[in-house]
Amino acid sequence: MDLEALAPYGWDRAWAARFASHDHDGAEPARVVRHDGAGLVVATGRGVEAVPLVERVVPSPAVGDWVVLRDGRPADVLERSSLLRRRDERTDSQQVLAANVDLVLLVCGLDRPVKEGRIQRGVAVAREAGAEPAVVLTKAVGPDATTGVDEALAIARRAHPGIGVVVTSVKEGMGVDDLEAFVAGRTVVLLGESGAGKSSLVNALLDDDLAAEGRVRTGDAKGRHTTTSRSLYVLPTGGALIDTPGIRSVGLWVDEESTAVAETFVDIDELAAQCRFNDCAHETEPGCAVRAAVEVGALDEDRLLRWRMLELEAQAAAVRASPHERRRHEKKLARLVKEAQRRKGTP
């Protein structure tokens, strides 16, 4: 068994130490590169191979996981360094996207509006996973671009001040070298809507046409779901890349003690620490530093509204075991959504 062959997939001393805590009798490590339902495609010291899922493994292996193989079958999952997940709105359940992720690239195509709220949701999902978020602006050059680069940069940095942003236009080769340098040596996940340009980025980073590229509908810039399953690829420059199907919504799935929203809105969190009351709701309470910042123009009202929406969504997810509390939070969230829609329609 040649474990050096696993180095391109991210195998290092830290993973070796986790593996050392397991019974080595006939065991070997492998990284999940694809989940095929009844089985996994994994990278082993011998190469990439398919293995059956015969016995139940807890937690269920996800793309990016390091698993312990015994007799050619998955028997255990090594302790994860991170777990990227979201709330599936159709089933109101957790959907695992990828495991052991270092960097989440939020892909935004400039052939459609770049939405501040979507970036903030992506940042919160990445922070909850324990990964670093960054934005990739695609389709920056060409006749389909409807959002200017400067405008898109301003939106991204207003959504999350200090966030890393890479501007690309794959057909022209713009920004690809910068993106390669940015992701080198890390496990990276691409998140974005269908047609945002994820598959083109995958092909550019891999220098190959492994990911199918689909046409984008004219009129609304929506693309077909050209990626139908999550897959892990080794990057020529070092590191691994996990491509995901396009997703229209990024719902939060957080634990009760999560700080993901606070990390996404650090400025509001810092202001809240200055409020007179520890349980200040930032509405009508005296001595509220958050409302005071809004009144003097130091904090944008829309940003505060988006913070309220994500905070309530996170709270609703955290109390999902209590139907009454969940409904109460969802009603508050619905009111905030209506307020956001009203404000959006205000000249």
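Remarks
- Built amide H within the under 5 Å cut-off of G164, gap 5+: V135
- The helix-based estimate of mean residue ellipticity at 222 nm for the chain, built from -39,500 (n - 2.57) per DSSP H run of four or more residues and divided by its residue count, is -9500 deg cm²/dmol to the nearest 500.
- Here the calculated FRET efficiency for T237 and T259, from their Cβ-Cβ distance with R0 = 25 Å, stands at 0.20, rounded to the nearest 0.05.
- Acute angle (nearest 10 degrees) that the helix 323-344 long axis makes with the longest principal axis of the chain, alpha-carbon atoms: 60
- One Cα centroid belongs to the range 254-289, the other to the range 123-156; the line between them spans 26 Å.
- Here is the short version for the chain: C108, C288 have no other Cys C-beta closer than 4.7 Å.
- Exposure proxy ranking, count of Cβ atoms within 10 Å, fewest first, for R308, R328: R328, R308
- The alpha-carbon of K115 sits under 13 angstrom from the alpha-carbons of these aspartates and glutamates, leaving out residues fewer than 8 places away in its chain: E151, E193, D302.
- On Cα atoms only, tilt of 149-159 relative to the major axis of the chain in degrees: 80
- For the chain, a crude dipole built from +1 on the beta carbon of Lys and Arg and -1 on the beta carbon of Asp and Glu, taken about the Cα centre, is about 1460 debye to the nearest 20.
- D36/R90 FRET efficiency (R0 25 Å; Cβ-Cβ; nearest 0.05): 0.70
- C-alpha center-to-center spacing [the range 5-58, the range 75-102] in angstrom: 17
- Helix 301-318 and the longest principal axis of the C-alpha atoms of the chain enclose an angle of approximately 50°.
- Site pair A14 and R342 shows an inter-label distance of 4.7 nm when each label is modelled 7 Å from Cα along Cα→Cβ.
- Protection proxy ranking of 6-17, 29-40, 150-161, by the mean of other Cβ atoms within 10 Å over each peptide's residues and highest first, is 29-40, 150-161, 6-17.
- Residue with peak Gaussian network fluctuation, the chain [Cα springs, cutoff 10 Å], from S194, S81, S21: S21
- Of all aspartates and glutamates in the structure, those lying under 13 Å Cα to Cα from K198, and not within fewer than 8 positions of it along the same chain, are D209, E213, D243.
- Whole-number percent relative contact order across the chain, with pairs defined as alpha carbons under 8 Å at least 6 apart: 13
Taken together, the values in this text are just the output of simple stated rules run on the coordinates, not laboratory data. What you see is a predicted model; the values in this text were computed from it and never measured. Backbone-built Cβ (ideal geometry, glycine too); neighbour counts: all protein chains shown.
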